[in-house]
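I have placed the structure first, in the form of structure tokens, so that the comments after it can refer back to it.
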Amino acid sequence: GAVVSQHPSRVICKSGTSVKIECRSLDFQATTMFWYRQFPKQSLMLMATSNEGSKATYEQGVEKDKFLINHASLTLSTLTVTSAHPEDSSFYICSAIDRDSGNTIYFGEGSWLTVV
Amino acid sequence: AQSVTQLGSHVSVSEGALVLLRCNYSSSVPPYLFWYVQYPNQGLQLLLKYTSAATLVKGINGFEAEFKKSETSFHLTKPSAHMSDAAEYFCAVSDPGGYNKLIFGAGTRLAVHP
């Protein structure tokens, strides 16, 4: 079946550096992907909607310049956390819509980011 | 704006007992509703979804949920809990027909004890 893959699954970076997380749809083309963040023992908070070939749509309160989203192809969206700080440490999860399969939403396995 | 409220951040049941996880939604129009399960350090797995067809939805692992418009509810149930059901459960809502962004509830942690 359709799979959404995230890479890396875990990453540790130094404060002040940037880190990129990839979200790939392996079996289908996804014109729309979503990025969520989840703090420990909390719910998923939508950060932004990633649209292939156009700018991402960010939710209120999410810094566009800090969380850069690029959706350059129909199977790949990337989230870059720029100038990371310890408070950015979180679980980041992406999802993708398979519009050729009844608009089914598939979630990635998530990426743990730890900023030290 | 749409929102989802999950009553009870923690639910504990005995193995074999009924599981009832509550979810109420707020939406100006009947939305699409979802239940997801999340095991520790993992992503989300879809249990079931309501998309304006049958109000009683059957999902995987013996779970089901009933959409009640009059109560704006979409509670998740399972007749007999299993130890492997212990996990975090999230109710989510989206715009009908668009399968757009999902808005998640705060989650309910289900514990199952022998």
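A:N51 passes every criterion in (1) under 15 Å from A:S25 (Cβ atoms); (2) crowded, with 19+ Cβ neighbours inside 10 Å; (3) not hydrophobic (A, V, I, L, M, F, W, C) apart from (2).
Would you call A:A56 among the small types (G, A, S) and surrounded by 13 or more Cβ atoms within 10 Å (Cβ to Cβ)? The answer is yes for A:A56. Scanning region A:14-33 for residues that are crowded, with 17+ Cβ neighbours inside 10 Å and farther than 16 Å from B:G43 by Cβ turns up A:V19, A:F28, A:T32. Between residues in region A:51-66 that are modelled with pLDDT under 95 and residues that are hydrophobic (A, V, I, L, M, F, W, C) and part of a loop (DSSP other than H, G, I, E, B), which pairs lie under 6 Å by C-beta distance while being six or more apart or on different chains? Correct list of pairs: A:E52/A:L74. Could you check region B:20-42 and list, in sequence order, the residues that are surrounded by fewer than 20 Cβ atoms within 10 Å (Cβ to Cβ), within 14 Å of chain A (Cβ to nearest Cβ) and not hydroxyl-bearing (S, T, Y)? Selection gives B:P40, B:N41, B:Q42. The strands (runs of 3 or more DSSP E) found entirely in chain A that carry 2 or more residues being over 30 Å from B:R109 (Cα atoms) are A:19-25, A:67-73, A:76-81. Taking first residues from region A:33-44 that are within 11 Å of A:C23 (Cβ to Cβ) and partners that are polar (S, T, N, Q), the Cβ contacts under 7 Å between residues at least 6 apart in sequence or on separate chains come to A:M33/A:S50; A:M33/A:S77; A:M33/A:S95; A:F34/A:T49; A:F34/A:S50; A:F34/A:S95; A:W35/A:S50.
Applying the criterion of at least 3 residues that are not charged (D, E, K, R) to the strands (runs of 3 or more DSSP E) found wholly in chain B leaves B:3-5, B:10-14, B:19-21, B:24-26, B:32-38, B:44-50, B:73-78, B:87-94, B:108-113. For A:I69, the stated conditions do not hold, so it cannot be described as more than 10 Å from the chain's Cα centre (by Cα) and within 16 Å of A:R24 (Cβ to Cβ). Candidates B:A81, B:A111, B:A54, B:A86: the one that is more than 17 Å from B:S26 (Cα to Cα), touching a Gly at 6+ places or on another chain (Cβ under 9 Å) and away from chain A (no Cβ under 13 Å) is B:A81.
The values are calculated or read from the model by the stated rules, or taken from the named source; none is laboratory data. Just so it is clear, the structure is predicted and the values come from calculations on it, not from any experiment. Counting neighbours? That spans all protein chains shown, and the Cβs are built from the backbone with ideal geometry, glycine included.
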